[in-house]
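Peer 1: The structure is given below, and queries will be raised subsequently.
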4 protein chains.
Amino acid sequence: MIDVQGKLARIVYESEKLVSNLEKLIRGCQILSIPIIWAEQNPEGLGSTIPELEKLLTGQKPIEKYSFNAFENESFKNAIIDSGRKQWLICGIEAHICVCQTAMGLLSNNFEIEIVADCVSSRSKDSIELALQKLQTKGAHLTNIEMCLYELVKDSRKETFKKILTLIK
Amino acid sequence: MIDVQGKLARIVYESEKLVSNLEKLIRGCQILSIPIIWAEQNPEGLGSTIPELEKLLTGQKPIEKYSFNAFENESFKNAIIDSGRKQWLICGIEAHICVCQTAMGLLSNNFEIEIVADCVSSRSKDSIELALQKLQTKGAHLTNIEMCLYELVKDSRKETFKKILTLIK
Amino acid sequence: MIDVQGKLARIVYESEKLVSNLEKLIRGCQILSIPIIWAEQNPEGLGSTIPELEKLLTGQKPIEKYSFNAFENESFKNAIIDSGRKQWLICGIEAHICVCQTAMGLLSNNFEIEIVADCVSSRSKDSIELALQKLQTKGAHLTNIEMCLYELVKDSRKETFKKILTLIK
Amino acid sequence: MIDVQGKLARIVYESEKLVSNLEKLIRGCQILSIPIIWAEQNPEGLGSTIPELEKLLTGQKPIEKYSFNAFENESFKNAIIDSGRKQWLICGIEAHICVCQTAMGLLSNNFEIEIVADCVSSRSKDSIELALQKLQTKGAHLTNIEMCLYELVKDSRKETFKKILTLIK
């Protein structure tokens with residue numbers, strides 16, 4: 001999760017929907033025991049992660065970064081590598097800056113990336129669409145909350161499926 | 001044909017058009033003697049396939065499944081393999097969940113897939129569009145009823161062409 | 001040029017614009033001495049090519065065909081091969097049937113194809129867009145009248161450029 | 001920067017926004033010491049580069065060309081090669097003619113190209129969109145002013161970042 005901080009988080013395109021979707025995505029990943037790596041760009045300047053999301057991430061701390069591409073940050077890079085996972089979902093803001101650069105950083109290091117399209121935003125809608133288009137031509141795939149959570153659950157008989165269903169409805 | 005069942009079939013985006021198109025596609029495949037594999041997700045929970053379509057599929061039974069990716073289901077997988085066919089048209093609901101996961105399951109097993117774009121739907125239009133975009137970047141191609149039926153007929157002098165023409169008009 | 005015939009040519013999406021654009025494209029190719037191959041699908045049934053275009057193609061006869069993919073027709077195939085050209089512009093109707101199948105026929109025989117997007121149409125706008133999307137994932141590129149004519153002329157100092165400019169303006 | 005000249009620069013789609021964006025892009029490149037190659041198509045016929053942009057390019061002269069593909073012009077080609085750079089941003093007009101042909105010229109000579117989508121235009125919106133679509137299928141990527149400048153700056157602690165931020169806001 002990239003940089004959902006301060007004022008910026010309130011002024012991006014469809015920000016209320018974004019925040020509500022991010023809450024669902026965080027809870028969904030927690031239900032499925034999927035690790036979350038949480039980045040903040042220059043928190044002193046831009047403010048902390050918004051409280052709605054911060055309160056869901058109990059027991060975790062954000063990784064402070066200054067490079068737009070989070071993968072250029074040693075702590076973020078180590079968190080990714082130490083997780084042992086090669087596939088990552090990316091969400092946050094802004095789609096065309098930190099989300100895009102981090103996604104490209106991961107792609108060029110041979111990670112498989114899906115951008116959660118209803119969990120990213122930028123100040124302008126045009127920038128979001130352009131970022132999603134660019135990332136697809138760079139090798140990323142698109143998904144959305146439902147698409148990725150159902151794909152991770154796989155089977156409707158699983159215990160976790162009921163929880164995911166309650167979360168989404 | 002994936003999971004065109006119960007209430008869900010009535011509340012997806014442009015559901016009346018979807019049902020009418022699915023009727024045409026089923027009839028078209030029957031005219032051209034193309035085998036249809038028919039799946040139902042958790043029929044006890046979600047209801048049976050809607051009667052408009054069920055009545056066209058005489059002499060056939062749906063394959064009951066619980067994995068969203070139908071290809072994870074042994075009976076479905078065997079039906080695909082036993083048919084001997086390497087190319088499949090996919091239709092049904094929801095585009096971004098069971099249709100998408102089944103298509104990706106087939107693609108990663110080296111089947112050639114076309115998604116019949118006017119014969120798939122989801123509750124939201126955004127989810128449909130995202131699913132079609134994702135599937136194209138995964139190697140699926142798009143088609144629609146007319147496009148695929150004319151491609152299968154190939155020649156306007158064929159006996160079957162008149163029937164297809166009557167069906168579509 | 002694929003099947004711009006009879007009533008169908010009058011009822012496709014934005015048919016007046018299509019006809020006017022096709023006139024320009026034919027004249028442009030004639031100015032640049034680019035050979036035109038002209039197909040008609042089942043002319044007895046669907047009618048002849050519309051007079052606006054037929055009168056421009058003096059000294060040429062249409063190739064009568066019954067397969068939607070014109071490249072399945074021996075005369076059409078020979079005309080393509082005898083021309084010695086490996087790159088073709090495709091225009092005509094319907095984008096999602098004969099245009100699409102012919103383009104795929106040429107692509108799978110290693111021809112390079114550009115679809116002249118403002119010189120193709122279908123009865124529905126959705127079918128046009130789907131066909132253009134599908135053809136791009138199959139390896140075709142898109143162009144339009146101005147884009148392809150300027151690309152063929154290459155240099156504004158050429159004699160032919162003035163004629164092309166007059167034609168387009 | 002391709003051919004932002006005379007009357008044409010005033011009549012392309014959203015021309016005021018284009019000019020304002022081009023001013024930002026030029027200034028951004030100057031802040032980041034990125035060389036700018038500046039082309040003019042047949043300046044006697046089409047007029048000079050518009051004064052808003054010309055005045056920013058002090059100490060530089062435009063390269064006069066007559067081929068729509070600027071890379072066919074010896075001076076332009078040498079300027080590109082002498083710069084030693086393999087990656088280029090392309091901006092200017094018209095998206096579907098000189099921008100498109102120059103981009104394809106660079107791509108087929110193994111340069112990496114990004115089209116600055118909010119810094120290109122054509123007389124019609126359709127032509128812009130078609131050009132961007134075609135260039136992506138030819139191997140170009142899309143970007144916009146913010147996306148490319150932030151990608152070039154990389155880190156918010158850099159001296160140049162404040163200047164870029166002032167420029168964009």
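The values are calculated or read from the model by the stated rules, or taken from the named source; none is laboratory data. Note that the structure is a prediction, hence the values are computed from the model and not measured. Cβ sites come from the backbone with ideal geometry, for glycine too, and all protein chains shown count toward neighbours. We work out accessible area using only protein heavy atoms, side chains counted, and drop any ligands, DNA or RNA first. Shrake-Rupley method; radii C 1.70, N 1.55, O 1.52, S 1.80 Å.
Peer 1: Could you please state, rounded to a whole Å, how far the C-alpha centre of segment D:111-169 is from the C-alpha centre of segment C:111-147?
Peer 2: If you average the Cα positions of each part, the centres end up 26 Å apart.
Peer 1: Moving on to the next point. Return the long-range amide H neighbours of A:E64 (sequence gap of 5 or more, or a different chain), with a cut-off of under 5 Å between placed amide H atoms.
Peer 2: A:E40
Peer 1: Give the Kirkwood hydrodynamic radius (Å, one decimal) of the protein assembly as shown, defined as one over the mean of 1/r across all pairs of different Cα atoms.
Peer 2: 27.4
Peer 1: Please report the orientation-averaged projected area of chain C, defined via the convex hull of its C-alpha atoms, in nm².
Peer 2: Projected area, direction-averaged: 9.2 nm².
Peer 1: Can you list the residues, at least 5 places off or on another chain, whose amide H is less than 5 Å from the amide H of A:D155, using H built in the peptide plane?
Peer 2: B:F68
Peer 1: While we're here: Give me the aspartates and glutamates in straight-line cross-link reach of C:K61: C-alpha distance below 20 Å, same-chain residues under 8 apart excluded.
Peer 2: Cross-link targets: C:D3, C:E23, C:E40, C:E44, C:E52, C:E72, C:E74, C:D82.
Peer 1: Using the 7 Å Cα-to-Cβ label point, sort the distances from B:S20 to its equivalents in the other copies shortest first and give them in nm to one decimal.
Peer 2: 3.2, 3.2, 4.5
Peer 1: Over all pairs of distinct alpha carbons, what does the Kirkwood formula give as the hydrodynamic radius of segment A:51-100, in Å?
Peer 2: The Cα-based Kirkwood calculation yields 12.3 Å.
Peer 1: Taking only C-alpha pairs under 8 Å that are 6+ residues apart, what is the relative contact order of segment A:1-89 in percent?
Peer 2: Averaging sequence separation for qualifying contacts and normalising by length gives 32 percent for segment A:1-89.
Peer 1: Same structure, new question: Considering only DSSP beta bridges where both residues belong to chain B, give the percentage that are antiparallel (nearest 5).
Peer 2: 5
Peer 1: With +1 on the Cβ of every Lys and Arg and -1 on the Cβ of every Asp and Glu, and nothing else charged, how large is the dipole of chain A about its Cα centre, in debye rounded to the nearest 20?
Peer 2: 460
Peer 1: Let me ask you something else. Summed for both chains, how many Å² of accessible area, to the nearest 100, are buried between D and A with a 1.4 Å probe?
Peer 2: Buried surface at the D/A interface: approximately 1600 Å².
Peer 1: Shielding by partners for B:121-128, please: the mean number of other protein chain Cβ atoms within 10 Å of each residue's Cβ.
Peer 2: Partner-chain Cβ atoms within 10 Å, mean over residues of B:121-128: 2.
Peer 1: With +1 on each Lys and Arg Cβ and -1 on each Asp and Glu Cβ, how big is the dipole of the protein assembly as shown about its Cα centre, in debye rounded to the nearest 20?
Peer 2: 60
Peer 1: Looking only at C:T49, C:T58, C:T102, which one moves most when chain C is put into a Gaussian network model with springs between Cα atoms under 10 Å?
Peer 2: C:T58
Peer 1: Now for a different question. Considering chain C as a Gaussian network with a 10 Å cut-off on Cα pairs, which listed residue, C:N78, C:N21, C:N144, attains the greatest mean-square fluctuation?
Peer 2: With Cα springs under 10 Å in chain C, the top fluctuation among C:N78, C:N21, C:N144 is at C:N78.
Peer 1: Let me ask something else about it. Take the alpha carbon gyration tensor of segment B:79-169, find the square roots of its eigenvalues, order them as a ≥ b ≥ c, and report rounded if a/c is under 1.5; if not, report prolate when a/b exceeds b/c, else oblate.
Peer 2: Verdict is oblate for segment B:79-169.
Peer 1: Using the heavy atoms of the protein chains alone and a 1.4 angstrom probe, what is the accessible area of segment C:6-168 per residue in square angstrom?
Peer 2: 45
Peer 1: Which one, C:I115, C:I26, C:I34, has the greatest fluctuation when you compute a Gaussian network model over chain C with C-alpha springs under 10 angstrom?
Peer 2: C:I34
Peer 1: Out of residues 5 or more away from D:G92 or on other chains, whose amide H comes under 5 Å of its own, with H placed 1.01 Å from N in the peptide plane?
Peer 2: Those qualifying (amide H under 5 Å, at least 5 residues apart or on another chain) are D:I2, D:V120, D:S121.
Peer 1: Filter the cross-link list A:K55/D:K158; C:K162/D:K138; D:K86/D:K154; C:K17/C:K169; B:K169/C:K134 down to pairs whose alpha-carbon distance in this structure exceeds 21 Å.
Peer 2: Over 21 Å apart, Cα to Cα: A:K55/D:K158; C:K162/D:K138; B:K169/C:K134.
Peer 1: Now a separate question. Going by Cα centres, segment A:1-79 and segment D:60-110 are how many Å apart?
Peer 2: 41
Peer 1: Another question, if that's okay. Keeping every protein chain in place, order C:L142, C:L167 by accessible area at 1.4 Å, biggest value first, i.e. largest first.
Peer 2: C:L167, C:L142
Peer 1: What is the percent carbon and sulfur in the accessible area of the protein assembly as shown, measuring with a 1.4 Å probe over the protein chains and ignoring ligands?
Peer 2: Solvent-exposed carbon and sulfur of the protein assembly as shown make up 48 percent of the total.
Peer 1: Output the residues of segment D:67-86 meeting this criterion: accessible area (heavy atoms, 1.4 Å probe) in the chain alone minus accessible area with all protein chains in place is 20 Å² or greater.
Peer 2: Those residues are D:S67, D:F68.
Peer 1: May I ask you to work out the translational diffusion coefficient for segment C:1-62 at 25 °C, viscosity 0.890 mPa s, via Stokes-Einstein with Rh from the Kirkwood sum over Cα pairs, reported in whole µm²/s?
Peer 2: The diffusion coefficient I find is 205 µm²/s.
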